[in-house]
Amino acid sequence: MSYRPTLDDLNAFAAIVTHRSFRKAAGELGLSPSTLSHMMRNMEARMGVRLLHRTTRSVAATEAGEMLLDRLKPVLRDLDLALDAVGEFGGQPSGTLRINASEIAARVLLNAAIPLFLERYPEISLDIVTENRLVDIVGEGFDAGIRLRESVPLDMIAVEFGGETRFLAVASSAYLKDHKQPKTPEDLKRHRCIRLRMPSGKLYRWEFEKHGQAVTIEVSGALTLDHVELMAEAAVKGLGIAYVPERVARPYLASGDLISVLDDWCPSIPGLCLYYPGHRHLPQSLRAFISVLTEAERQGA
């Protein structure tokens, strides 16, 4: 075969098959879906082999395409490693690093990692977007995301930091003075609870566990919010029981404004993770941020 696809063609092919979507691959590569489609049709025509099965809803590799991808993955990975190694001779990393995170995660980073990173890498602009909804970081142009480990997509590489965390049920002493303190999660059904509306629009179901027994409760209450900090503040005002991350509740617990209930039903769960796609080149700026994050983690241990 005299025709040899370009590196751009091969990268595009690998992204399309990995995402099983022209749209998502286009978002990662900074191209339009129509441009990617034209590239693949031209590549297939010149190679004389069909590499992709296309439908109106999805795209998948043919048998020939799967064989090509299996051979291509280690080659692209080795190429990325070689480029990274050469890049080390280019001086300080620069450019913009875009990270999508929850507001709680951003606050954790502000305690140590971000100040250290900005001091060490002044040529990098750090752009952190905070929002509650879980986004497609590749499709929306982010280099990485930060969420609880349980929310990280399975096809991402995750770097854990910050240790384990817990969600706590909390209420003010004034509220508990007028309402009998719950002893089991089922008791919450007789309480005013401050509910959380998820970005999807659904109400969050409170999850508890004790001695291997897991319980999920659909609580009721007159107040529904979409921000855990507001839930904690509402609990301080005696408006009901809130179920919030321990990091959010901690200052109110320390001051005595809130009291933890059902504490033995609130086990630790895996904490925060920085995550990124493992099938594409890792920017120097992100590599530098991961290094600082792990260093800050060791210093805080």
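The values are calculated or read from the model by the stated rules, or taken from the named source; none is laboratory data. Fair warning: this is a prediction, and the values are worked out from it, not measured in the lab. Counting neighbours? That spans all protein chains shown, and the Cβs are built from the backbone with ideal geometry, glycine included. SASA here: full protein model, heavy atoms, side chains in, ligands and nucleic acids out. Shrake-Rupley method; radii C 1.70, N 1.55, O 1.52, S 1.80 Å.
Here are some notes:
- When residues of segment 165-196 are limited to those that are assigned to a strand (DSSP E or B) and open to solvent by less than 40 Å² (accessible area, probe 1.4 Å), the one farthest from Glu297 (Cα to Cα): Cys193
- The set of residues from segment 20-38 being open to solvent by less than 70 Å² (accessible area, probe 1.4 Å) and on the phi > 0 side of the Ramachandran plot comprises just one member, Gly30.
- Selection from segment 108-164 of residues that are in contact with a Pro (Cβ under 8 Å, 6 or more places away or on another chain) and loosely packed, with under 13 Cβ neighbours inside 10 Å: Glu123, Glu131, Arg133, Glu150, Asp155
- Candidates Leu274, Leu262, filtered to the one that is touching a strand residue (DSSP E or B) at 6+ places or on another chain (Cβ under 6 Å), on the phi > 0 side of the Ramachandran plot and hydrophobic (A, V, I, L, M, F, W, C): Leu262
- Helices (runs of 4 or more DSSP H) lying entirely in segment 26-117 (those with 2 or more residues that are closer than 30 Å to Gly162 by Cβ and modelled with pLDDT under 90): 63-87, 103-111
- Of Glu246, Glu229, all but one fail to be more than 23 Å from Met156 (Cβ to Cβ), in contact with a Cys (Cβ under 9 Å, 6 or more places away or on another chain), in contact (Cβ under 8 Å) with a residue 60 or more places away in the chain and of a type in the set (D, E, K, R); the exception is Glu246.
- Filter pass, Leu253 being open to solvent by 50 Å² or more (accessible area, probe 1.4 Å), hydrophobic (A, V, I, L, M, F, W, C), in a loop (DSSP other than H, G, I, E, B) and over 27 Å from Val135 (Cα atoms): no
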